[in-house]
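Single-structure report; data block below.
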Amino acid sequence: MIRIGLIREWKVPPDNRVALTPKTCVHIEETYPQIKIVAEPSPDRCFTGQQYTEERLQLKDDLRNCDILMGIKEVPPEKLIEGKTYFFFSHTKKKQAYNKSLMQALITKKIRMIDYECLTHSDEQRILGFGFYAGVVGAHNGLLAYGKKFGLYDLPAAHMAGSYASIITSYEHFKLPNIKIAVTGSGKVATGVLDIMTKLDIEPVEPEDFLTHEYDYPVYTHLKGNALYARKDNDLFHRDDFHANPKAYKCLFSSYVNQTDILINGIYWEQDIPRLFEELDIQRKDWRISVIADITCDPEGSVPINSGASTITKPVYGVDRKTLLRTEPYQNTHDTIDLMAVDNLPNELPADASHYFAQHLEKYIIGELLKKESELLKRATICENGKLTEQFEYLADYAYTSV
(Lines give C-alpha, C1' and ligand atoms only; values in the text may rest on other atoms or scores of the structure.)
Protein backbone atom coordinates (compact mmCIF):
# COMPACT_ATOMS: atom_id res chain seq x y z
CA MET A 1 0.00 0.00 0.00
CA ILE A 2 1.24 3.48 -0.93
CA ARG A 3 -0.16 6.28 1.20
CA ILE A 4 -0.29 9.76 -0.39
CA GLY A 5 -0.88 12.80 1.77
CA LEU A 6 -2.10 16.11 0.35
CA ILE A 7 -0.34 18.70 2.49
CA ARG A 8 -1.57 22.07 3.62
CA GLU A 9 0.06 25.07 1.92
CA TRP A 10 2.06 27.13 4.40
CA LYS A 11 3.70 29.72 2.18
CA VAL A 12 2.58 33.32 2.71
CA PRO A 13 0.52 34.65 1.01
CA PRO A 14 -1.42 31.36 1.07
CA ASP A 15 -1.92 29.38 -2.10
CA ASN A 16 -5.36 27.91 -2.69
CA ARG A 17 -4.45 25.22 -5.24
CA VAL A 18 -4.12 21.50 -4.57
CA ALA A 19 -2.34 18.70 -6.42
CA LEU A 20 -5.35 16.35 -6.47
CA THR A 21 -9.02 17.34 -6.41
CA PRO A 22 -11.53 15.26 -4.41
CA LYS A 23 -12.98 13.54 -7.49
CA THR A 24 -9.52 12.83 -8.90
CA CYS A 25 -8.56 11.19 -5.61
CA VAL A 26 -11.58 8.90 -5.83
CA HIS A 27 -10.78 7.93 -9.40
CA ILE A 28 -7.15 7.19 -8.50
CA GLU A 29 -8.16 4.95 -5.58
CA GLU A 30 -10.63 3.10 -7.79
CA THR A 31 -8.05 2.65 -10.55
CA TYR A 32 -5.13 1.80 -8.27
CA PRO A 33 -6.34 -0.18 -5.20
CA GLN A 34 -2.73 -0.13 -3.92
CA ILE A 35 -2.99 3.64 -3.32
CA LYS A 36 -4.68 5.38 -0.40
CA ILE A 37 -5.01 9.19 -0.30
CA VAL A 38 -5.58 11.41 2.73
CA ALA A 39 -5.71 15.20 2.99
CA GLU A 40 -4.34 17.49 5.66
CA PRO A 41 -7.03 19.99 6.75
CA SER A 42 -6.51 23.44 5.26
CA PRO A 43 -8.32 26.76 5.78
CA ASP A 44 -7.19 28.05 2.37
CA ARG A 45 -7.59 25.19 -0.09
CA CYS A 46 -10.09 25.87 -2.90
CA PHE A 47 -11.72 22.50 -2.18
CA THR A 48 -13.01 22.29 1.38
CA GLY A 49 -12.38 19.48 3.81
CA GLN A 50 -16.05 18.61 3.55
CA GLN A 51 -15.70 18.12 -0.21
CA TYR A 52 -13.01 15.52 0.47
CA THR A 53 -14.96 13.75 3.21
CA GLU A 54 -18.08 13.68 1.03
CA GLU A 55 -16.03 11.53 -1.35
CA ARG A 56 -15.17 9.23 1.59
CA LEU A 57 -11.61 10.51 1.81
CA GLN A 58 -9.92 10.95 5.18
CA LEU A 59 -8.73 14.22 6.68
CA LYS A 60 -5.66 13.81 8.90
CA ASP A 61 -3.64 16.39 10.85
CA ASP A 62 -0.69 14.02 11.18
CA LEU A 63 0.75 12.80 7.87
CA ARG A 64 3.80 11.01 9.24
CA ASN A 65 2.21 7.69 8.27
CA CYS A 66 2.19 8.70 4.59
CA ASP A 67 4.87 7.58 2.16
CA ILE A 68 4.47 10.44 -0.32
CA LEU A 69 3.50 14.03 0.43
CA MET A 70 2.17 16.28 -2.33
CA GLY A 71 1.84 20.05 -2.22
CA ILE A 72 2.09 22.96 -4.62
CA LYS A 73 4.38 25.71 -3.32
CA GLU A 74 7.59 25.38 -1.32
CA VAL A 75 7.30 23.71 2.08
CA PRO A 76 8.88 25.69 4.95
CA PRO A 77 11.97 23.79 6.18
CA GLU A 78 10.56 23.36 9.67
CA LYS A 79 7.44 21.66 8.24
CA LEU A 80 9.36 18.97 6.31
CA ILE A 81 8.98 15.44 7.68
CA GLU A 82 12.32 13.65 7.65
CA GLY A 83 12.86 10.78 5.24
CA LYS A 84 9.69 11.29 3.18
CA THR A 85 9.19 11.65 -0.57
CA TYR A 86 7.85 15.09 -1.47
CA PHE A 87 6.33 16.46 -4.64
CA PHE A 88 6.09 20.26 -4.99
CA PHE A 89 7.53 23.16 -6.92
CA SER A 90 10.77 23.71 -5.00
CA HIS A 91 12.14 26.58 -7.13
CA THR A 92 15.71 25.46 -6.46
CA LYS A 93 17.00 24.26 -9.85
CA LYS A 94 18.22 27.77 -10.75
CA LYS A 95 19.89 28.18 -7.33
CA GLN A 96 17.24 30.67 -6.27
CA ALA A 97 18.78 32.48 -3.33
CA TYR A 98 15.51 32.77 -1.43
CA ASN A 99 15.19 28.96 -1.28
CA LYS A 100 18.75 28.07 -0.30
CA SER A 101 17.70 27.20 3.26
CA LEU A 102 14.96 24.95 1.86
CA MET A 103 17.43 23.14 -0.40
CA GLN A 104 19.78 22.54 2.50
CA ALA A 105 16.93 21.30 4.68
CA LEU A 106 15.93 18.80 1.99
CA ILE A 107 19.46 17.41 2.14
CA THR A 108 19.73 17.45 5.94
CA LYS A 109 16.36 15.76 6.43
CA LYS A 110 17.12 13.13 3.77
CA ILE A 111 14.06 14.05 1.74
CA ARG A 112 13.47 12.55 -1.67
CA MET A 113 12.55 15.73 -3.54
CA ILE A 114 10.67 15.18 -6.82
CA ASP A 115 10.10 18.56 -8.40
CA TYR A 116 7.02 18.94 -10.61
CA GLU A 117 8.97 21.33 -12.83
CA CYS A 118 11.49 18.58 -13.59
CA LEU A 119 8.98 15.88 -14.54
CA THR A 120 9.49 15.46 -18.27
CA HIS A 121 8.90 13.04 -21.09
CA SER A 122 11.98 11.43 -22.63
CA ASP A 123 12.28 14.34 -25.10
CA GLU A 124 12.47 16.80 -22.17
CA GLN A 125 8.95 18.12 -22.72
CA ARG A 126 7.48 19.11 -19.36
CA ILE A 127 4.55 17.04 -18.13
CA LEU A 128 3.10 19.05 -15.27
CA GLY A 129 2.53 22.71 -14.68
CA PHE A 130 -0.01 25.45 -14.38
CA GLY A 131 1.26 27.21 -17.49
CA PHE A 132 -2.05 27.24 -19.35
CA TYR A 133 -3.84 29.09 -16.55
CA ALA A 134 -0.84 31.37 -16.00
CA GLY A 135 -1.22 32.32 -19.66
CA VAL A 136 -4.98 32.79 -19.38
CA VAL A 137 -4.82 34.98 -16.28
CA GLY A 138 -1.70 36.85 -17.40
CA ALA A 139 -3.24 37.81 -20.73
CA HIS A 140 -6.51 38.81 -19.06
CA ASN A 141 -4.68 40.91 -16.46
CA GLY A 142 -2.61 42.66 -19.13
CA LEU A 143 -5.71 43.64 -21.08
CA LEU A 144 -7.45 44.70 -17.87
CA ALA A 145 -4.47 46.94 -16.98
CA TYR A 146 -4.48 48.63 -20.40
CA GLY A 147 -8.17 49.48 -20.14
CA LYS A 148 -7.77 50.78 -16.61
CA LYS A 149 -4.64 52.81 -17.43
CA PHE A 150 -6.32 54.80 -20.18
CA GLY A 151 -9.92 54.66 -18.94
CA LEU A 152 -11.04 52.84 -22.09
CA TYR A 153 -12.94 49.85 -20.74
CA ASP A 154 -13.50 47.65 -17.68
CA LEU A 155 -12.92 43.95 -17.18
CA PRO A 156 -13.46 41.95 -13.97
CA ALA A 157 -10.35 40.86 -12.07
CA ALA A 158 -9.76 37.15 -12.66
CA HIS A 159 -9.82 36.31 -8.95
CA MET A 160 -13.12 38.16 -8.59
CA ALA A 161 -14.64 36.39 -11.59
CA GLY A 162 -13.85 33.14 -9.78
CA SER A 163 -13.71 30.78 -12.73
CA TYR A 164 -12.44 30.49 -16.26
CA ALA A 165 -16.03 30.16 -17.50
CA SER A 166 -16.99 33.44 -15.83
CA ILE A 167 -14.06 35.23 -17.45
CA ILE A 168 -15.10 34.02 -20.88
CA THR A 169 -18.70 35.05 -20.19
CA SER A 170 -17.48 38.59 -19.46
CA TYR A 171 -16.14 38.78 -23.02
CA GLU A 172 -19.48 38.10 -24.72
CA HIS A 173 -20.42 41.74 -25.31
CA PHE A 174 -16.94 43.20 -25.04
CA LYS A 175 -15.03 44.94 -27.84
CA LEU A 176 -11.39 46.00 -27.66
CA PRO A 177 -9.99 49.12 -29.32
CA ASN A 178 -7.50 48.76 -32.18
CA ILE A 179 -4.46 47.88 -30.12
CA LYS A 180 -1.37 45.88 -31.10
CA ILE A 181 -0.19 43.09 -28.80
CA ALA A 182 3.10 41.20 -28.88
CA VAL A 183 3.02 37.73 -27.33
CA THR A 184 6.34 36.05 -26.53
CA GLY A 185 7.05 32.45 -25.62
CA SER A 186 5.81 28.98 -26.39
CA GLY A 187 4.45 25.95 -24.60
CA LYS A 188 1.47 25.86 -22.26
CA VAL A 189 1.78 29.50 -21.19
CA ALA A 190 1.51 30.65 -24.79
CA THR A 191 -1.41 28.26 -25.32
CA GLY A 192 -3.28 30.00 -22.51
CA VAL A 193 -2.46 33.47 -23.83
CA LEU A 194 -3.55 32.56 -27.36
CA ASP A 195 -6.78 31.10 -25.99
CA ILE A 196 -7.65 34.52 -24.59
CA MET A 197 -6.67 36.19 -27.86
CA THR A 198 -9.09 33.88 -29.66
CA LYS A 199 -11.91 34.35 -27.17
CA LEU A 200 -11.63 38.15 -27.57
CA ASP A 201 -11.49 38.04 -31.39
CA ILE A 202 -8.01 39.55 -31.45
CA GLU A 203 -6.69 38.72 -34.90
CA PRO A 204 -3.28 37.07 -35.39
CA VAL A 205 -0.87 38.71 -37.84
CA GLU A 206 2.58 37.70 -39.04
CA PRO A 207 5.55 39.43 -37.38
CA GLU A 208 6.58 41.22 -40.61
CA ASP A 209 3.04 42.60 -41.06
CA PHE A 210 2.90 43.64 -37.41
CA LEU A 211 6.03 45.73 -37.98
CA THR A 212 4.78 47.49 -41.10
CA HIS A 213 1.01 47.86 -40.73
CA GLU A 214 -1.50 49.66 -38.53
CA TYR A 215 -4.96 48.17 -38.14
CA ASP A 216 -8.44 49.40 -37.33
CA TYR A 217 -9.10 46.33 -35.16
CA PRO A 218 -7.09 44.64 -32.36
CA VAL A 219 -4.26 42.33 -33.47
CA TYR A 220 -1.48 40.26 -31.95
CA THR A 221 1.68 38.67 -33.21
CA HIS A 222 3.28 35.62 -31.65
CA LEU A 223 7.06 35.89 -31.29
CA LYS A 224 9.11 32.76 -30.68
CA GLY A 225 12.02 30.90 -32.22
CA ASN A 226 13.50 32.68 -35.23
CA ALA A 227 11.06 35.56 -34.88
CA LEU A 228 12.59 36.41 -31.52
CA TYR A 229 16.21 35.20 -31.54
CA ALA A 230 19.11 34.93 -34.01
CA ARG A 231 22.76 34.01 -33.77
CA LYS A 232 25.07 37.00 -33.46
CA ASP A 233 27.43 35.67 -36.13
CA ASN A 234 25.06 34.66 -38.95
CA ASP A 235 21.50 35.79 -37.99
CA LEU A 236 20.22 32.21 -38.09
CA PHE A 237 18.24 30.31 -35.48
CA HIS A 238 18.53 26.64 -34.58
CA ARG A 239 16.49 25.54 -31.57
CA ASP A 240 18.91 22.93 -30.21
CA ASP A 241 21.85 25.27 -30.68
CA PHE A 242 19.98 28.09 -28.97
CA HIS A 243 19.32 25.94 -25.89
CA ALA A 244 22.93 24.75 -25.84
CA ASN A 245 24.56 28.14 -26.54
CA PRO A 246 22.18 30.97 -25.58
CA LYS A 247 25.04 33.46 -25.20
CA ALA A 248 25.71 33.14 -28.93
CA TYR A 249 22.29 34.63 -29.68
CA LYS A 250 20.76 38.09 -29.71
CA CYS A 251 17.14 39.03 -29.09
CA LEU A 252 15.21 40.66 -31.95
CA PHE A 253 12.48 42.24 -29.84
CA SER A 254 14.00 45.71 -30.17
CA SER A 255 12.31 46.04 -33.59
CA TYR A 256 8.88 45.65 -31.98
CA VAL A 257 8.98 48.25 -29.21
CA ASN A 258 7.75 51.04 -31.49
CA GLN A 259 4.87 48.94 -32.84
CA THR A 260 3.50 47.37 -29.65
CA ASP A 261 0.93 48.67 -27.17
CA ILE A 262 0.86 45.63 -24.86
CA LEU A 263 3.63 43.08 -24.34
CA ILE A 264 2.52 39.72 -22.92
CA ASN A 265 5.72 37.92 -21.96
CA GLY A 266 5.65 34.16 -21.50
CA ILE A 267 9.16 33.04 -22.46
CA TYR A 268 11.29 30.66 -20.43
CA TRP A 269 14.29 32.63 -19.19
CA GLU A 270 17.65 31.87 -17.58
CA GLN A 271 20.64 34.11 -16.90
CA ASP A 272 22.45 33.34 -20.17
CA ILE A 273 19.42 33.91 -22.40
CA PRO A 274 19.33 37.45 -23.86
CA ARG A 275 16.71 39.76 -22.38
CA LEU A 276 13.87 41.13 -24.48
CA PHE A 277 15.29 44.63 -23.97
CA GLU A 278 17.54 46.49 -21.58
CA GLU A 279 16.35 48.80 -18.82
CA LEU A 280 17.44 52.04 -20.53
CA ASP A 281 15.58 51.08 -23.71
CA ILE A 282 12.33 52.28 -22.16
CA GLN A 283 13.71 55.82 -22.54
CA ARG A 284 13.81 55.49 -26.32
CA LYS A 285 11.81 58.21 -28.07
CA ASP A 286 10.05 55.63 -30.22
CA TRP A 287 9.10 53.40 -27.25
CA ARG A 288 5.37 52.64 -27.56
CA ILE A 289 4.67 49.86 -25.03
CA SER A 290 2.51 51.14 -22.19
CA VAL A 291 1.54 47.84 -20.50
CA ILE A 292 3.63 44.72 -19.90
CA ALA A 293 2.12 41.50 -18.55
CA ASP A 294 5.24 39.67 -17.38
CA ILE A 295 3.96 36.13 -16.92
CA THR A 296 7.54 34.83 -16.78
CA CYS A 297 8.11 37.12 -13.78
CA ASP A 298 11.85 36.80 -13.20
CA PRO A 299 12.87 39.99 -11.35
CA GLU A 300 15.39 41.87 -13.50
CA GLY A 301 15.11 39.01 -15.96
CA SER A 302 13.71 38.89 -19.48
CA VAL A 303 11.80 42.07 -18.60
CA PRO A 304 14.53 44.04 -16.78
CA ILE A 305 12.16 46.68 -15.36
CA ASN A 306 10.50 43.95 -13.28
CA SER A 307 11.76 44.97 -9.83
CA GLY A 308 9.85 42.26 -8.00
CA ALA A 309 6.56 40.42 -7.94
CA SER A 310 3.23 42.14 -7.41
CA THR A 311 0.23 40.51 -5.73
CA ILE A 312 -3.15 39.19 -6.83
CA THR A 313 -4.95 42.01 -5.05
CA LYS A 314 -2.50 44.66 -6.33
CA PRO A 315 -1.31 43.11 -9.60
CA VAL A 316 0.14 46.18 -11.30
CA TYR A 317 2.76 48.79 -10.50
CA GLY A 318 3.98 51.66 -12.64
CA VAL A 319 7.51 52.28 -13.87
CA ASP A 320 8.56 55.85 -14.64
CA ARG A 321 10.28 55.91 -18.02
CA LYS A 322 12.55 58.80 -17.05
CA THR A 323 13.67 57.76 -13.58
CA LEU A 324 13.19 53.97 -14.01
CA LEU A 325 11.63 53.94 -10.53
CA ARG A 326 8.39 52.39 -9.36
CA THR A 327 5.42 54.69 -9.39
CA GLU A 328 1.65 54.51 -9.12
CA PRO A 329 -0.12 52.46 -11.81
CA TYR A 330 -2.98 53.44 -14.08
CA GLN A 331 -1.75 56.93 -14.90
CA ASN A 332 -3.25 58.05 -18.20
CA THR A 333 0.13 58.81 -19.74
CA HIS A 334 2.79 57.20 -21.91
CA ASP A 335 5.45 58.53 -19.50
CA THR A 336 4.90 55.43 -17.37
CA ILE A 337 4.71 51.73 -18.12
CA ASP A 338 2.25 49.60 -16.17
CA LEU A 339 3.78 46.26 -15.22
CA MET A 340 1.72 43.22 -14.21
CA ALA A 341 4.13 40.92 -12.35
CA VAL A 342 2.05 38.45 -10.31
CA ASP A 343 4.16 35.34 -9.71
CA ASN A 344 1.29 32.97 -8.82
CA LEU A 345 -1.23 33.80 -11.54
CA PRO A 346 -2.95 30.39 -11.62
CA ASN A 347 -4.00 30.93 -8.02
CA GLU A 348 -6.52 33.50 -9.31
CA LEU A 349 -8.48 30.53 -10.70
CA PRO A 350 -7.47 27.86 -8.17
CA ALA A 351 -10.24 25.32 -8.76
CA ASP A 352 -9.86 25.36 -12.55
CA ALA A 353 -6.06 25.21 -12.28
CA SER A 354 -6.16 22.38 -9.73
CA HIS A 355 -8.51 20.33 -11.87
CA TYR A 356 -6.23 20.77 -14.90
CA PHE A 357 -3.13 19.86 -12.88
CA ALA A 358 -4.74 16.85 -11.19
CA GLN A 359 -5.80 15.38 -14.52
CA HIS A 360 -2.23 15.42 -15.81
CA LEU A 361 -0.82 14.16 -12.52
CA GLU A 362 -3.18 11.17 -12.60
CA LYS A 363 -2.60 10.49 -16.29
CA TYR A 364 1.19 10.55 -16.34
CA ILE A 365 2.62 10.29 -12.82
CA ILE A 366 0.48 8.20 -10.45
CA GLY A 367 1.15 4.94 -12.30
CA GLU A 368 4.90 5.62 -12.11
CA LEU A 369 4.70 5.51 -8.31
CA LEU A 370 3.93 1.80 -8.49
CA LYS A 371 7.00 0.90 -10.53
CA LYS A 372 10.11 -0.47 -8.85
CA GLU A 373 12.22 1.76 -11.08
CA SER A 374 10.84 4.80 -12.89
CA GLU A 375 13.16 6.70 -15.22
CA LEU A 376 10.58 9.47 -15.37
CA LEU A 377 10.63 9.99 -11.59
CA LYS A 378 14.40 9.53 -11.48
CA ARG A 379 14.91 12.44 -13.92
CA ALA A 380 12.89 14.71 -11.63
CA THR A 381 14.48 13.69 -8.33
CA ILE A 382 16.72 16.52 -7.14
CA CYS A 383 17.96 14.78 -4.01
CA GLU A 384 17.44 11.69 -1.86
CA ASN A 385 19.11 10.02 1.13
CA GLY A 386 20.93 13.24 1.99
CA LYS A 387 22.61 13.66 -1.40
CA LEU A 388 22.00 15.41 -4.68
CA THR A 389 21.26 13.07 -7.57
CA GLU A 390 23.75 12.92 -10.42
CA GLN A 391 21.94 15.29 -12.79
CA PHE A 392 21.62 17.93 -10.06
CA GLU A 393 25.17 17.82 -8.69
CA TYR A 394 25.71 21.30 -10.14
CA LEU A 395 23.73 22.51 -7.09
CA ALA A 396 26.46 21.35 -4.66
CA ASP A 397 27.62 24.83 -3.62
CA TYR A 398 23.97 25.75 -3.02
CA ALA A 399 22.73 22.56 -1.36
CA TYR A 400 25.47 21.52 1.05
CA THR A 401 26.10 23.61 4.14
CA SER A 402 29.72 22.44 4.33
CA VAL A 403 30.65 23.50 0.77
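The values are calculated or read from the model by the stated rules, or taken from the named source; none is laboratory data. Given the structure is predicted, the values throughout are model-derived calculations rather than measurements. Cβ atoms come from the backbone with ideal geometry, glycine included; neighbour counts cover every protein chain shown. The area values use the complete protein model at the heavy-atom level, side chains included, leaving out ligands, DNA and RNA. Shrake-Rupley method; radii C 1.70, N 1.55, O 1.52, S 1.80 Å.
For region 387-393, what does the Karplus curve 6.51 cos²θ - 1.76 cosθ + 1.60, with θ = phi - 60°, yield as ³J(HN,Hα) per residue in whole Hz, taken in order and with x for Gly and Pro?
Working through the residues one at a time gives 9, 5, 6, 4, 6, 10, 5 Hz.
Just check region 182-260 against the gyration tensor rule for me: Cα atoms, a ≥ b ≥ c as the square roots of the eigenvalues, rounded for a/c under 1.5, and otherwise prolate or oblate depending on whether a/b exceeds b/c.
Working: a/c = 3.24, a/b = 1.59, b/c = 2.04.
In terms of gyration-tensor shape, oblate.
Ordered by residue, what ³J(HN,Hα) values in Hz, to whole numbers, does region 207-223 give under the Karplus form 6.51 cos²θ - 1.76 cosθ + 1.60, where θ = phi - 60° and Gly and Pro are x?
So the J values, rounded to whole Hz, are x, 5, 6, 4, 6, 10, 10, 10, 10, 9, 8, x, 9, 9, 10, 9, 9.
Please give the solvent-accessible surface of residue 95 in Å², to the nearest 10, using a probe radius of 1.4 Å with every protein chain present.
Accessible area of residue 95: about 80 Å².
Highest mean first, what order results for 179-191, 112-124 on Cβ atoms within 10 Å? Each step should come with its number before you reach the end.
On the way: 179-191: 22.6, 112-124: 17.0.
Ranked from most to least packed, the peptides come out as 179-191, 112-124.
Counting only DSSP beta bridges with both residues in the chain, what percent are antiparallel, rounded to the nearest 5? Walk me through the numbers before you get to the answer.
Numbers: 15 of 51 bridges.
Taking every DSSP beta bridge within the chain, about 30 percent pair in antiparallel fashion.
Out of the total accessible area of region 79-227 (probe 1.4 Å, heavy atoms of protein only), what percent is carbon and sulfur?
On the way: 3080 of 6370 Å².
That share works out to 48 percent.
Over region 294-363, with every protein chain in place, what whole percent of the accessible area is carbon and sulfur at 1.4 Å, could you tell me? It would help to have the intermediate numbers written out before the result.
On the way: 1370 of 2860 Å².
Here carbon and sulfur together make up 48 percent of the probe-accessible area.
Name the residue, out of 309, 353, 248, whose mean-square fluctuation peaks in a Gaussian network model built on the chain with Cα pairs under 10 Å.
With Cα springs under 10 Å in the chain, the top fluctuation among 309, 353, 248 is at 248.
I'm spelling it out carefully: the read-out is Cα extents along the principal axes in Å, the candidates are (i) 63, 49, 35; (ii) 98, 44, 35; (iii) 82, 75, 54, and one was derived from this structure. Which label?
Only one listed value fits the structure, namely (i).
Please state the charge dipole magnitude for region 315-392, taken about the Cα centre, from unit charges on C-beta atoms (+1 on K and R, -1 on D and E), reported in debye and rounded to the nearest 20.
Values: 9 positive and 13 negative charges, 60 e Å.
About 280 debye.
State in Å² the accessible area per residue of the chain; use a 1.4 Å probe, count heavy atoms of protein chains only, and round to the nearest integer. Walk me through the numbers on the way to the answer.
Details: 18800 Å² over 403 residues.
Spelled out: the 1.4 Å probe surface of the chain, per residue, equals 47 Å².
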